[in-house]
1. Quick one: in the stretch 429-442, of everything that is over 19 Å from the mean Cα position of the chain (by Cα) and either of a type in the set (F, W, Y) or assigned to a loop (DSSP other than H, G, I, E, B) (or both), which residue is surrounded by the most Cβ atoms within 10 Å (Cβ to Cβ)?
2. Going through the stretch 38-73 one residue at a time, which ones are over 22 Å from T117 (Cα atoms) and among the charged types (D, E, K, R)?
3. Looking only at the stretch 21-39, which residues are open to solvent by 10 Å² or more (accessible area, probe 1.4 Å), over 14 Å from L155 (Cα atoms) and either under 16 Å from the mean Cα position of the chain (by Cα) or aliphatic (A, V, I, L, M) (or both)?
4. Tell me yes or no: at least one residue of the stretch 331-352 is in contact with a helix residue (DSSP H, G or I) (Cβ under 7 Å, 6 or more places away or on another chain) and over 23 Å from R611 (Cα atoms).
5. If you scan the stretch 296-339, which residues turn out to be outside any helix (DSSP H, G or I) and of a type in the set (S, T, N, Q)?
6. Any idea which of (1) open to solvent by 20 Å² or more (accessible area, probe 1.4 Å); (2) under 28 Å from the mean Cα position of the chain (by Cα); (3) over 17 Å from V716 (Cβ atoms) is the one L467 doesn't satisfy?
7. Write out, first by first residue and then by second, each pair whose Cβ atoms fall under 6 Å of each other, whose residues are 6+ apart or on separate chains, and whose first residue, in the stretch 283-301, is open to solvent by 10 Å² or more (accessible area, probe 1.4 Å) while the second is polar (S, T, N, Q).
8. Which residues, counting only those in the stretch 388-405, are open to solvent by 20 Å² or more (accessible area, probe 1.4 Å) and in contact with a helix residue (DSSP H, G or I) (Cβ under 8 Å, 6 or more places away or on another chain)?
Amino acid sequence: MNRTSEPVARWRLWIDTGGTFTDCLARAPDGRWRRAKVLSSSTLRGRIEGRVGDRTLHLGGLAGAPQGLFDNCTLALLAGASPAAEGGADEIAVTGHRSVAGESDLQRIELASPAPTSWRKGVPISLRSPEEAPILAARWVTGTAARQPLPPIALRLATTRGTNALLERRGARTALLVTRGFADLLVIGDQRRPDLFALAIDRPAPLYSRVFEIDERMALRRDDEGGVAAGEALRPLPDDRLRELASTLAGQGFEAVAISLLHSDRYPDHERRAVELLSSAGLPISASAELAPMIGYQARTETAVVNAYLSPVIDSYLDGVEEALAPAGGSLRIMTSAGHLMGRNRFHPKDSLLSGPAGGVVGAAAAGRAAGCERIIAFDMGGTSSDVARWDGEFDLRFEHRVGTARLLAPALAIESVAAGGGSICHFDGVALGVGPESAGAMPGPACYGAGGPLTLTDVHLLLGRLDAARFGIPIDPPAALEAFRSVENQVREALGEVPPPERLLAGMLAIANERMAEAIRRISVREGKDPADYAMVAFGGAGGLHACSLAVKLGIRTVVIPADAGLLSARGLGAAAIERIARRQVLAPLTRCGGELPALLAALEDEARREVTVGESAASPRIHRREAELRLVGQESSLAIASPPAVTVEEVLKEGFAAAYEGRFGYRPEGELEVVSLMAAAVVGEDRSLPGVRSVPRAAGASHRRDLVGALGTVPVVERTALVAGVDLAGPLVVAEAHSTTMIEDGWRGHLHESGALVLERPEAER
């Protein structure tokens, strides 16, 4: 595969695979932009519009599908959508597909076996592709049939495949090798209690299947009695034992290996030798010293285990994507949790766990900047969760973060996630209403998807009249949403003896979700010493615009920006992301002692970052765009990252930076000696923080086409976003509808279309 130069590819695709939907934005060779949204389960949904004999169906709801796209799919009825097939198969293979002449919305499907009689007109169906969702989306936008090779493509990909496998514990059978005496390291953990007052702690099982102890030890300090200097072996590595282990691992069905030896953050020789000796097992090996050479044995070990646990899952997934791109010489770059792109040869699974949300943050920052906002809060509400982050002109990086119960030493944007998305299940537990954390996901999805799903936030918006069933892109069943709501309503009535009016009950569910999302925003603003009122909110994702105004009122935010292609912004953010590498080195020395050495250390890191970022890039011209020193008070564990000048010449530069950051966070200036924890330098090539695919905005004033939706709150006027022109003033309450998202302009808010294509909403009466 050609990874040396993106410009040789004729198509450029940016694809974000989320928990529910996979979003695709594509630029064709002729410069035109194309868009697609498919379910992340590699399925498309439509409905039966007619039968032509036993083996031929006409399907609707799939307008624009290229000829032959469904040739290798299987067709099935949606669960609960129709009476069971009368003696027929649950799924039938598709043998042929073409559009019906003269009917743009009808697809003619040939089946391998007769369709049961229960497969009749109006019944919703699903078409499942054997290829990964990004490849299905790529075929749709490029117009490529299933059995044809894709054209040359430069693909930028963000994915939740690793995140989902970690949270759902669907990773590989992993063996962990540690220094003797530390077999229980990850079982004991750091003694944090998830629920302080719980009498019984339900501790999750470790990710690894078995731990092996290695009788070795490196000296951290000089041992005068043994005559061993720091960095030398107190107990030599048992080579024979490791060779024996290599055979054991290969023969016992392990799929991956994690190695984490004590003190390897400073002295990695034993780990490197262990990797060599175990390589004969033929398994992917994750070594902590390579992945996270930082102090903290437990966190370093967890990082190695997570990377090993996910390696076969991610490798198989990316192999499938690369295999589809390879015939035409396509290229693949993957979005990392730190918000930058990386080639496959440098990529580790630990780097991908927040890749989708990171793409959204990069896109939100670019959209906010284009709309004239200097500081923004990114609010991304998708189908499964909501992700929030803060941007103050520079991305906020963390070098330690948690995903589920796992702690990782890996760079990531500071993103807070909450289980509140369009697919979050609305329920009643006998005492109170609740929203989430469980999600209906891509299957069965919300009740209105017609697959027997539960009541979700998407159904609530539909019933309130904020969503139009005709705009979903998949067949929608409003009566199913109403039936699911009636079920919850009856539960409330049985428990309390009475039930509020439907509009109050539905609005209450939205209020619960809004409060959970507002708390996530407070965690990345108020708890960091920042006032949300000083920021504009950039709201995106399929459901972000539906909640943005209500959330902004809760937080005192006066300006909301809804970018163009808000429902695809995480994919658009991939186009604005840079190819970047971060070089980081542990220091762990008092500032007064090491201050004179910092300029040389920083220069070495800059050289390393430049070298790393140019690997695989032709004619690359790297530049250093970020330098940081991580400092803390001596004796404390928590640290703060301080932007470092190109050359650190005096201690006062970092001292003052730390004092200012500390005061901003805690409200007072610190006293005491400082310790330098680490230094970091980041280099980029081909940086372009602008957003691709922005449509031009007409400047002439004019009236937009309006129509009405009717729901539980009465009649809601609706305007098509594509009909908006600059200069038109919008006043809430009003719904703005577009292809992949919807915006609810609440009462008291006004909006206009910015030249960048963003919809800018403001509260004129808000206090300033």
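The values are calculated or read from the model by the stated rules, or taken from the named source; none is laboratory data. Only a predicted model underlies this, so the values are computations on that prediction, with no experimental measurement involved. Here the Cβ is made from the backbone with ideal geometry for all residues, glycine too, and neighbour counts use every protein chain on show. Note: areas computed on protein heavy atoms with side chains; ligands, DNA, RNA excluded. Shrake-Rupley method; radii C 1.70, N 1.55, O 1.52, S 1.80 Å.
1. Applying the first criterion (over 19 Å from the mean Cα position of the chain (by Cα)) to the stretch 429-442 yields 429-435.
Add one more test, that the residue is either of a type in the set (F, W, Y) or assigned to a loop (DSSP other than H, G, I, E, B) (or both), and what stays is 429-432.
Details: D429: 9, G430: 9, V431: 8, A432: 11.
The residue in question is A432.
2. If the condition is that a residue be over 22 Å from T117 (Cα atoms) and among the charged types (D, E, K, R), then D71 is the only one that fits.
3. F21, K37
4. No: the stretch 331-352 contains no residue that is in contact with a helix residue (DSSP H, G or I) (Cβ under 7 Å, 6 or more places away or on another chain) and over 23 Å from R611 (Cα atoms).
5. First, pick out the residues of the stretch 296-339 that are outside any helix (DSSP H, G or I): 296, 329-339.
Matches in the stretch 296-339: S331, T336, S337.
6. Result: L467 fails condition (3) only.
7. Sorted first by the residue in the stretch 283-301, then by its partner, the pairs are P284/S311; A289/S264; L291/T303; L291/N307; M294/Q586.
8. Hits for the stretch 388-405 are R390, F395, E400, G404.
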